[in-house]
Structure formats: C-alpha cells, structure tokens
Amino acid sequence: MKAIHTAVFPVAGLGTRFLPATKAIAKEMLTVVDKPLIQYASEEAINAGITNLVFVVGRTKNAIIDHYDKAYELETELALRHKDALLDVVADVVPDNIHCVFIRQSEAKGLGHAVLCARPAVGDEAFAVILPDDLINNTNGNGCIKQMVDVYAQYHGSVIGTQTVDVSESDKYGMVSGPKLSEKVARVDEIVEKPLPSAAPSDQAVVGRYILTPAIFEKLLTTERGAGNEIQLTDALAELRKTEEIYAYSFDGRRYDCGSKLGYLEANVELALQHDDLAEEFCSFLKKLEL
Ligand code: G1P
C-alpha cells in the first residue's frame with residue numbers, strides 16, 4: 001500500500017462569519033497567535049510526511065498563494081540585516097522538499113466540488129483533506145492527520161476524523177454512526193450531512209480531517225447538490241460506503257472551530273498559553289483580569 005503523499009486544502013469559502021475582517025483577506029489567513037490558520041493546517045500535513053500540498057482557492061485568496069511563495073524583497077532585507085532567526089521562520093513555511101499546487105475553484109459549489117477540483121493534482125492515490133477552519137492541536141503528541149495516516153495504514157480504507165458533540169448541534173456537521181472496531185476506530189455504516197437533531201444517527205460528528213481513497217472522485221462526479229444546495233463531500237462518502245469500508249477515527253487532540261468567533265478566540269487564548277515566548281506573561285495578564 002502506498003504512503004499518503006498529498007493533502008488537499010479546500011480554501012475557496014467566503015468566510016462570511018468573520019466579516020468585515022474577511023472582506024479583503026482570506027479567512028484562512030486569520031492569525032492564531034502568530035501564524036495564519038492555513039499554516040497550522042499545512043504544518044499538520046508536513047508533520048505527517050506529506051510532501052504535496054494542493055490548495056483549492058477562490059478568486060479572493062491571493063494572500064494564501066503569496067504566503068506559500070518566496071518573499072524575495074523580505075528575505076533579501078532580512079538577510080542584509082542578519083536576522084537569521086526570522087529568515088528561518090519565513091523559509092519554514094515551505095520546507096525544501098515540499099511542493100505546492102494551486103487550483104482555482106471558479107464556482108463556490110461546495111466542499112465536494114472543491115475536492116473534485118483537486119483531482120488532477122492528486123492522481124490515483126489516497127490523499128488527505130484538511131479544512132483549516134478546524135484547528136486541531138495535540139500538545140506533545142502526533143498531529144491529527146498523522147494519527148489518521150496510521151489508521152489508514154492499518155485498515156486500508158478511507159478514514160474520517162470524528163468527535164463527540166451535543167446532538168443539538170448535529171445540523172452544523174456531517175454525522176456518522178457504526179459499530180466500534182477498537183477504542184478509537186469505528187466502521188461507518190451511516191453518514192449524513194447536517195441532519196436535524198431528531199434525525200442524527202448518533203452524537204459522532206465529522207471534523208475537517210479526511211483520508212480518502214481515489215474512488216471518492218468517481219462518486220463526486222455524480223453527486224447532486226445536497227444540504228445548503230452544495231455538492232457535499234459527505235454525500236459522496238455515503239455513496240462510497242456502499243462499495244468500500246470507511247472508518248471513523250476519534251482523534252487525540254483538541255479541536256477549535258475557528259470558523260466561529262468563539263472557537264477562534266479560544267484557540268488564540270489556549271495556544272498563547274502554550275507559546276514559548278508568550279505563555280508566562282499572557283498567563284499573568286489573564287489572571288489580572290477581573291472576570
Ligand atoms: C464541513 C463538512 C461537514 C463537517 C464540517 C467540519 O462543513 O461538510 O460534514 O462536519 O465541515 O468542520 P462546513 O463547516 O464547511 O459547513
């Protein structure tokens with residue numbers, strides 16, 4: 001079985017929940033402490049041994065393309081001023097062995113359509129999909145995608161990252177159900193996009209992490225518009241499940257929903273409290289707040 005080489009980052013969404021901040025800036029460029037969300041996602045992929053990063057971008061996402069490009073003026077200036085540590089920070093965005101591909105999703109037809117747009121850059125191999133809105137932090141342990149790559153190597157089928165949510169929130173997520181195969185892995189027998197709580201098959205929600213076999217592309221080709229009038233990855237997975245086993249993996253780590261203001265603020269506070277240079281002072285600042 002081949003290793004996972006490619007991660008797809010669907011980043012064509014409009015980010016309306018963060019307006020006006022996202023009027024001119026891609027929501028994936030919003031910063032958590034000192035790095036844009038998209039970089040947390042690409043680092044998670046790189047740390048899982050992935051070397052091809054495929055960004056499916058929309059028209060307003062040029063800042064993402066620039067972030068993964070060389071910044072000649074900046075790098076020359078930093079070199080002249082002997083700011084070597086900062087030069088490393090800039091160079092580390094795209095380490096030497098990493099290739100970036102950018103594909104335009106010209107119409108906002110949904111997550112399933114975005115993944116299908118990546119097909120020419122993925123080829124006939126299993127690949128990862130990472131939604132940067134879901135920032136997953138696993139302090140002192142493997143990142144979520146690395147954990148899922150290991151599950152894929154063991155079970156040889158598509159793997160979906162899941163977590164337990166309150167069923168009242170089922171209409172925000174893809175929801176899955178199926179029998180447990182081990183402490184953290186379950187077989188997916190049912191998967192449905194954003195069901196009402198009364199129709200939710202369980203309390204297990206899909207988060208923005210997937211390892212997908214290439215068979216998903218054929219399913220996506222015939223997937224009709226579903227929830228929100230968009231072509232849903234979840235609907236294609238429901239079709240794929242009829243021909244291949246799919247697994248749900250309850251990952252180790254904390255997920256922040258950075259597509260929401262509250263989740264984004266929580267991520268900033270908690271990651272600042274883990275930041276080498278900031279933790280101590282930020283913690284004393286928080287303690288002084290009279291809440
Ligand atoms: C997408 C998926 C959904 C999943 C969610 C996780 O929805 O369609 O199945 O549960 O990401 O964040 P979105 O949040 O983009 O509407």
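The values are calculated or read from the model by the stated rules, or taken from the named source; none is laboratory data. Keep in mind the model is a prediction, meaning the values are calculated, not measured. Cβ atoms come from the backbone with ideal geometry, glycine included; neighbour counts cover every protein chain shown. Surface accessibility is based on the protein's heavy atoms, side chains included, excluding ligands, DNA and RNA. Shrake-Rupley method; radii C 1.70, N 1.55, O 1.52, S 1.80 Å.
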Self-check item: Dimensionless Rg over Rh [the chain; C-alpha; Kirkwood]
Solution: 0.97
Exercise. Determine one quarter of the surface area of the Cα convex hull of the stretch 44-104, which equals its mean projected area, and express it in nm² to one decimal.
Key: 4.7 nm²
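Per residue and in cubic angstrom, what volume does the convex hull of the Cα atoms of the stretch 180-291 have?
Per residue, the Cα convex hull of the stretch 180-291 comes to 176 Å³.
Where in the stretch 221-291 are there GluC sites (Glu not before Pro) that are in a DSSP coil and have at most 10 other Cβ atoms within 10 angstrom of their Cβ?
Qualifying residues, ordered by number: E224, E290.
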Self-check item: From phi via Karplus (6.51, -1.76, 1.60), per-residue ³J(HN,Hα) for the stretch 84-100 in Hz, x at Gly/Pro
Solution: 5, 5, 5, 4, 5, 4, 5, 5, 5, 4, 10, x, 4, 8, 9, 10, 10
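What's the magnitude of the charge dipole for the stretch 127-236 around its Cα centre, counting Lys and Arg as +1 and Asp and Glu as -1 at the beta-carbon? Answer in Debye, nearest 20. Let's see the in-between values first.
On the way: 9 positive and 15 negative charges, 66 e Å.
Its charge dipole is roughly 320 debye.
From the protein chains alone at 1.4 Å, what is the descending order of accessible area for M29, M148, largest first? Can you show the working numbers first?
Values: M29 40, M148 0 Å².
Largest to smallest exposure gives the sequence M29, M148.
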Quiz item: To the nearest 10 square angstrom, what accessible area does S182 show with a 1.4 Å probe?
Solution: 50 Å²
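In terms of solvent-accessible area of protein heavy atoms at a 1.4 angstrom probe, what is the ranking of L286, L135, L291, highest value first? Walk me through the intermediate numbers first.
Details: L286 50, L135 5, L291 190 Å².
Ranking L286, L135, L291 by accessible area, largest first, yields L291, L286, L135.
Determine the alpha carbon to alpha carbon distance for each of K61/K83; K219/K242; K2/K35; K27/K172; K146/K184 and list only those over 20 Å.
Beyond 20 Å between Cα atoms: K61/K83; K2/K35.
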Quiz item: D171 accessible area, nearest 10 Å², 1.4 Å probe?
Solution: 70 Å²
Quiz item: Rounded to the nearest 5, what is the percent of antiparallel bridges among the DSSP beta bridges in the stretch 150-291?
Solution: 75 percent
Quiz item: To the nearest 10 square angstrom, what accessible area does L273 show with a 1.4 Å probe?
Solution: 70 Å²
Quiz prompt | For the stretch 255-291 versus the stretch 84-153, the gap between their alpha-carbon centres in whole angstrom | solution = 25 Å
Exercise. Report the local net charge at H5: Lys and Arg +1, Asp and Glu -1, summed over other residues whose C-beta lies under 13 Å from its C-beta.
Key: -1
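Have a look at the DSSP beta bridges in the chain and tell me what percent are antiparallel, nearest 5.
60 percent
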Quiz item: In nm, to one decimal, how far is the C283 label point from the E190 one, both placed 7 Å along Cα→Cβ?
Solution: 4.5 nm
